Each structure stands twice: as structure tokens, then as C-alpha cells.
Amino acid sequence: MIGFVTFVFRPRRTPRWIQKTPWAAKASAFAVEAMHQIASERRLFFEATTVQFIVRMIDGATVNFAFLAIGAPVDYGICLVGVVIGSVSATIGLIPMGLDTFEAGMIASLTVFGVPVEDALTATLVYRGLSLWLPLIPGFLLFNGKCCGLNQQFLRSRNSLAHHTRRINKDQELAWVLALDCPHFDVIHVG
């Protein structure tokens, strides 16, 4: 964190290896520009911070209700700290969506505050089920066009293109099918 602040507020003191590495220099320049934009848009920064604070408060209440649902009442402050530490550990971790890192951080912090491990694990899994896994189901269905007749034009064009790729060998056909299943890719190299 100290290094990041140093890079942002004193870009002339950026270590030479970052200045010489193209991707690191580009990331450092991006971070500097983002921080300058945040500093110039103070109202937007305040609004975003307020909304994030409210979201965390609601998440703390959700964890508190999860504890009440399993019959192990826990103080709201402990639930809030558990969610915040879980979110920090998910942010620091390299795993997408904080899988396992969020749960580990939350369970560890709840246990430190005196919550039995069994109750902390159960409430954490209930919370993650409600906040992460349950919303993924309709999102998955909407993304794949299986809900409400969405994406029909995309599916028709996909079937037409897949028909034309039958003449291409199996590896190239697999690459086309994978490319068509992920429409957010801009450039697909098949060769």
C-alpha cells in the first residue's frame, strides 16, 4: 500500500524497473491518471464512497440475519467487521470473485471475535450463497439467452456460422465455437 501511494503521489520516484518494464510503466501511469481524476471529482468520490459504505452496512445486516437464521445470534458489529475483512481478503487474493479467500477471511475474523467455527462457517456459506451464488443463476441464464427469449439473433447467427465451419478441421471448429460462446472477445485468432 505504501508503494502504491508513493507511485501515485510521487511518480518521479517510481523505481527504475517499473519505468523500464512496459506493462508496469503503463499500469503506473494508469494509476496516476485515475488518482488525479478521483481527486478532481470529489463529489463523485464522496458519492461512490457513501454508496459503498451503505452496501457494506447492508452486507453486515445480511450476515447478522444469517446468524439469526441458524440460531446463533451475533452482535451486528462483529458481522460488519467479518464482512469487511472478508472483502479485503477477497480483494487482496488473486482468485476471481474472491472464492475461498473471502470465506477464509470472514471465518477467521469471526472466529477471532469469539464466534464458534461451526457457526461462522455456516453463516458465511449462507451469506455467500445469497450474495454470490444465487444471483449468478439468473445472470447465467440471461447471458446465455435462455431466459425471456433474449439473444435469439445471436443464436441464429451462431448456428449459421457454425454450419459454415463444418468444413474446417476439428481444432479450428472448436476454436470458433468457443469464440461464439464468448461474445465479449473482440479478436479471435484461429489458425
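The values are calculated or read from the model by the stated rules, or taken from the named source; none is laboratory data. Predicted model, so just to flag it, every value in this text is computed and none were measured. Please note: Cβ atoms are built from the backbone with ideal geometry, for glycine as well, and neighbour counts cover all protein chains shown.
Could you list all residues from segment 132-143 that are surrounded by 13 or more Cβ atoms within 10 Å (Cβ to Cβ) and farther than 19 Å from ASN64 by Cα?
Here is the first cut: in segment 132-143, the ones surrounded by 13 or more Cβ atoms within 10 Å (Cβ to Cβ) are 132, 141-143.
Passing the criteria: LEU141, LEU142, PHE143.
Please determine, by comparing only the residues of segment 35-64 that are assigned by TED's automatic domain parsing to the domain that holds GLY86 and in contact (Cβ under 8 Å) with a residue 12 or more places away in the chain, which one is surrounded by the most Cβ atoms within 10 Å (Cβ to Cβ).
VAL63
Would you be able to tell me the number of residues in segment 69-86 that are of a type outside the set (A, V, I, L, M, F, W, C) and surrounded by 19 or more Cβ atoms within 10 Å (Cβ to Cβ)?
The qualifying residues number 2.
Which one of the conditions (1) at pLDDT below 85; (2) touching a helix residue (DSSP H, G or I) at 6+ places or on another chain (Cβ under 8 Å) does THR62 fail to meet, given that it meets all the rest?
Every listed condition holds for THR62 apart from (1).
If a residue has to be in contact (Cβ under 8 Å) with a residue 40 or more places away in the chain and either surrounded by fewer than 16 Cβ atoms within 10 Å (Cβ to Cβ) or not assigned by TED's automatic domain parsing to the domain that holds GLN52 (or both) to count, how many in segment 117-131 make the cut?
Qualifying residue count for the region: 1.
How many residues does segment 89-116 hold that are closer than 15 Å to GLY129 by Cα, at pLDDT below 90 and surrounded by 15 or more Cβ atoms within 10 Å (Cβ to Cβ)?
Total meeting the criteria: 1.
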